[in-house]
Structures are given as structure tokens and as C-alpha cells.
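Before any comments, here is the structure.
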Amino acid sequence: MSDLLQRIKEAVMAGEEEDTRKLVEEGLESGLEPRKILEEAMVPAMEDIGDRFSRNEAFIPELIVAAAAMQEGMEVLKPRLSGEAKGRGLVVLGTVYGDIHSIGKNLVRMCMEGAGFEVVDIGEDLKTERFVEAYQEHRPAILGLSALLSSTMQRMKEVIEAVRAVDPSALIMVGGAPVTQQFAEEIGASGYAPNAFEAAVKAKELLL
Amino acid sequence: MTGKERMLEAFALREPDRVPVWEMAFNEESIIKLGAFFTDDLPPMKFAQQMTTEEKIKLLSTLFTAARELELDGITSIAILATEPVDDDHVKDGWGRIMRVSEEGEATPVAGPVSTPGDLKGLKIYHPQQSELLMLMAAKGNFGDEIAQVMVQPGPFRESWMLLGSMEKLLYYYVKDRRFVHGLARVATDFILEVTDMSADLGADIIALDGDLAFSQTTLMSPGQYEEFILPYHKEITERAHSRGMLILKHSDGNMWPIMDGIVEAGFDGFHPVQPQCMDIGEVKARYGDRLCMLGNIDCTYLLPFGSEGEVEETVKKTIATAAPGGGYIISSSNSIHPGCKPENYVAMVKAAHKYGNYPISIEV
């Protein structure tokens, strides 16, 4: 890895937003391919944070600042990425009706973006119709549903059925504190992950 | 023994006559559905924020009726901060925090009066009003010293992020601006100490410090960040509660293992709710049962919402067998009786606790 790619990776991992922006600009000026910066510096930086997270060496604050640095770098990079290199695919994320909690969904957004997905976050407390509308509008590679309460997670089944009525092959992932693998299987979800990093890993697997 | 004596004995890590039964929170819908077991005189089904004063009083009276009929050993009160409506879904409190009202639980802040470190200096400090502790006054007036009076208030972590309107923002500043995090915690802690003093004046026996510090996998912050940003303020609050003759417990959902030593060091007397998906109550008791009273552990994620009454009874029996011998255990759900819990399952939980919770515990599982 070039010294500059290494420095971009370190800046993202340290959550240094300004440094990340400057280094990405420097990289582009020096002729580095935008795709190379994304795939060889920024995505691996988030993967490293994910590994540290799974070993309890990094916690949510470190994830949040790294994601902020990644976002800063992406602002510079995005206009320069060609269509096919724009990422792994589009993910639409939202929290189901009755549930106004956002942190779990937001962490998944950060990790998905960190893994190279483009993410459209449609918000919280969304009626089933809103998910169907968003699915039809964006035709995402993956639709992600979040719920923090055992009462609201029941809505996930309703959303899955409604979205599958318009596209039987829709890939739909579910997650949130009360959700389990067993529950995900019972309601017909395509995938489940117990935390935000694993959600990004699972999303990559689903698209293989 | 009275309910209060039973609770205090459990907190003293001794065996009372039976395992105390208590609950940290019930939502409006849960209170009304539970109340329907015992009375026809119920308030309309809506959020407390949308109720008239008369309807709020009826809601409280329904809660008290259910607590009395179910022979609960403690009653929980919250400070109901005065709010003004912003629109159909949002209210604003005295700090200027905009809260979104939800069908499924408490109002959640979506915007705070502080956005950046520069805003802290100009923050208008809000002081709690005694009228905002009306629920505690009513509970004390209704039950006196018959059962334990528990006052819930957000801890410094939750109060801090509520001032910012977002937990993510606070955690971002854990790395980016430590001084700002301490500044927020100072403001938050001073407010908590004021409420703690007022609660003592009004006769509270126990403070329950709310605000999750963990999620299913681990803590939200590292143990080092807990020690730096939260522990000193927890210490101040537990010292104040103790100096005013009260006990204090820490509530947090999730896997709290990484900071359990800190919870003990902070001076808490109890730990709630020992979420069964994340922490084994037998193991927590084995490691901390000589220093902390355990509260909770009856699953409100799957068991109380979807289980049968028989399954609830079986779980209560097993949990008592594991956690109650030797004292230091108070039974409750693993968070609260939220609208998803079947009311008949909660009644089954309380009945089972009374059936199997008599000391000395002699349950064969």
C-alpha cells in the first residue's frame, strides 16, 4: 500500500475528518484512482474498526468518528467515482412504525457506507406504505428494517409481506435489539445481523 | 413485613420474608389494561401528555389500584417535566428539548438546546419545580411507608445526550472534545442532584438512575470512557442519595459486563434489569451479589409479550431459584411493562413470584 493510502486509512481510523479530506484531495491530485482510495484505504479502515469492535478494542464513539471521517472523504471522492465504481449497491434503511429510535439504524448506515454501499436513510417511525414507496422509488439491492422494541418489531413482518408483494425477490434485512436470527427466519427476512458491523458483512454476503 | 421493609431488606443483601416484587415502569396503555383487571373506572387510552389533568389523575389512581391489588412492594415515580406542545407529535420542555411523543413508550428527544460546544456557555439552566414531582407526592400520599417509594431519573449520560438531542452526537464528542463532554455532564449532574434532593424531601426511599449504557453486545462506551466521563458523576449522585438517607440503583439494558466493576465503585446499591439475553443472573450474582442487589431479569422482549402464562410461571420459578437464595434479589421485568406485554402475563408473573418467592427458597428445578 502506498504511503498516502496508508495515511488516508489511518486518518479515517482515527476519525480525523479534516485530515481525511485533505489527504483524499492530495491523493486525487497525485493521480490516485478514486476507486483505489475507496477500496484500498477507506473501506479497509472501517473494516479494521469493525475487527477492533468485535474484539472489544473499539467502541461506538470510535465507530462514529471514523464514519464521520469516511463521510468527509466520500464527499470529495463521490463526484469522481465512475458509475460502476460507486459502490457495492444501494441500501434503503428505515425504522418501522411506532418506533422512533434511530441510533441502531444510524450505526448500520455508518457501517454500510463504510463497507462501500450507498445508503438512503428514510427515517424512523415509518408506516408500511412508506417502505413500499421507497422500495419502488429506489429499487435498492437491500432494504434494511430496524426496530428497538419487541412491540414494534412485529411490524417487520408486515413490511416484508408488503414489499414482497411488489417484488417477490426483494432482499430484506432486519435488525435491532429484540430481533434474533430465529425471529428473522420466522418472518421471512433474507438476512439478520446482531450488530451494525455484521450487518454490513451480511449485506455483502447476500449480494455475492 | 411491609413492602418497603421487604425491599430494603433485599437491598441490604439479606433474605426478607419473600422476594419483593417491583416494576420500574408501566406505559399508559399497560396501566389501563392492567387496571381493567381491577376497576371499570379507567382513563381514556391516550398518552399522558395528551391527557387532561383529571385524566392524568385517573391514570395515576389506576396505577395505584393495580399496585395495591397486585401487592407490589414498591411504586415507581418519575418527574413529569412541564412541556408545551410544538406540533401534533412533539413537545418542548423547560430546557428547550424537543421531544417526539411515541405510541410505544416514553417521549424521546430529537433536538436539544445545545448543538455545539460553543452553545454550552449560553445555556439557560432549568431548575426542577416541585410540581413536576407530583407523581412522587401522590404515591407517597397514597401508600405512605407501606411500600418503597422509588424515584426514577435519567443519569448523567442520558441527561447529557438529551441536551444535545442525540446520543450519537455525545458519543462523537467523547473522542472529539472531552472538555465539552464534562461540561455537559456537569450541567446534567447538577440538575440530577437537585431532583435527588427534592425526592428525598418528598419521602423517596430509592433512586433509580435510568439511561442505558450498553446494548446487546457490549457497552456503548469503553470502560476507560465510562471511568472518565460518567463514573465521577455517578459517584457524586450516589453520595448525595446516601447522604440523604436513600438507596440508589443503576438501570441499564444490555451487556454491562465491561463496566460492572465501575458500577460497584460508583457506589450503587443495586443493578437493574440484568437483561437475560445479555447477562446470566446467576453469574452476575456470583460475582457481584455480595455488593449489589439484583433487580429484574424476567424477559419482557419475548416472554411477557408472546409467552404463555405457564411459561411465565416456569421462568419466574427458575429465576427465583437462581437469584433469590441468600437475599439481594427483587423480581421485575427485564425493562418495563410496555404496551407489547400481555397484561395477563404480568399478572401471572406477580402471582408466580408470590407463589415461589417465600423464604427460605425451596424450589426444585
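Please treat every number below as a calculation from the coordinates, not as lab data. Being a predicted model, the structure only gives us computed values, none of them experimental. A quick note on method: Cβ atoms are made from the backbone with ideal geometry, for glycine too, and the neighbour counts reach across all protein chains shown.
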Sorted largest first, the Cα spans of chain A on the principal axes come out in Å as 51, 36, 27
Final fewest-first order of B:D73, B:D119, B:D212 on the 10 Å Cβ neighbour count is B:D119, B:D212, B:D73
For segment B:94-157, the Cα convex hull volume per residue in Å³ comes to 134
In Å, the C-alpha Rg and Dmax of segment B:232-365 are 15.2, 44
Per residue of A:178-188, other chain Cβ atoms within 10 Å number on average 2
Chain B: antiparallel bridges as % of DSSP beta bridges, rounded to 5, reads 30
Residues whose built amide H sits under 5 Å from the amide H of B:L247, excluding neighbours closer than 5 in sequence, are B:I206, B:I207
Sorted by chain and number, the residues with a modelled amide H under 5 Å from that of B:L213, at a separation of 5 or more or across chains, are B:D253
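Rounded to a whole number of µm²/s, how large is the Stokes-Einstein D of chain B at 37 °C and 0.692 mPa s, given Rh as the Kirkwood radius over C-alpha pairs?
On the way: Rh = 20.7 Å.
The Stokes-Einstein estimate is 159 µm²/s.
Quick one: net charge around A:P140, please, counting Lys, Arg +1 and Asp, Glu -1 for every other residue with C-beta under 11 Å from its C-beta.
Details: positive: A:R139; negative: A:E118, A:E137, A:D167.
In short, -2.
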Kirkwood radius from Cα pairs of segment A:90-206 plugged into Stokes-Einstein at 4 °C, 1.567 mPa s, gives D in µm²/s equal to 97
Per-residue Cβ contact counts at 10 Å, fewest first, order B:Y329, B:Y288, A:Y135 as B:Y288, A:Y135, B:Y329
Straight-line reach check, A:K22, cutoff 25 Å on alpha carbons, 8 or more apart in-chain or any other chain, hits among lysines -> A:K9, A:K36, A:K78, A:K86, B:K169, B:K176
Residue by residue through segment B:112-123, the couplings from Karplus 6.51 cos²θ - 1.76 cosθ + 1.60 with θ = phi - 60°, in Hz, x for Gly and Pro, are x, x, 10, 10, 10, x, x, 6, 5, 4, x, 5
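Given N residues in the protein assembly as shown, what is its alpha carbon radius of gyration divided by 2.2 N^0.38 Å?
Details: Rg = 24.4 Å, N = 573, 2.2 N^0.38 = 24.6 Å.
For the protein assembly as shown, the normalised Cα radius of gyration is 0.99.
Report, as an integer, the average count of C-beta atoms from other chains found within 10 Å of each Cβ along B:215-221.
Across the residues of B:215-221, the mean count of other-chain Cβ atoms within 10 Å is 6.
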Of every Cα-Cα pair in segment A:3-84, the percentage lying beyond 23 Å is 16
Share of Cα-Cα pairs in segment A:58-121 beyond 21 Å, whole percent, is 28
To the nearest 10 degrees, the tilt of helix A:43-54 (Cα long axis) against the first principal axis of the alpha carbons of chain A is 60
Those trypsin sites (Lys or Arg not before Pro) from segment B:216-304 that are DSSP loop and have at most 11 other Cβ neighbours within 10 Å turn out to be none
Whole-Hz Karplus couplings 3J(HN,Hα) for segment B:222-235, θ = phi - 60° and coefficients 6.51, -1.76, 1.60, Gly and Pro as x, run 6, x, x, 5, 4, 4, 7, 9, 10, 3, x, 6, 4, 4
For segment B:262-267, in residue order, the Karplus 3J(HN,Hα) values (coefficients 6.51, -1.76, 1.60; θ = phi - 60°; whole Hz; Gly and Pro = x) are x, 5, 5, 4, 5, x
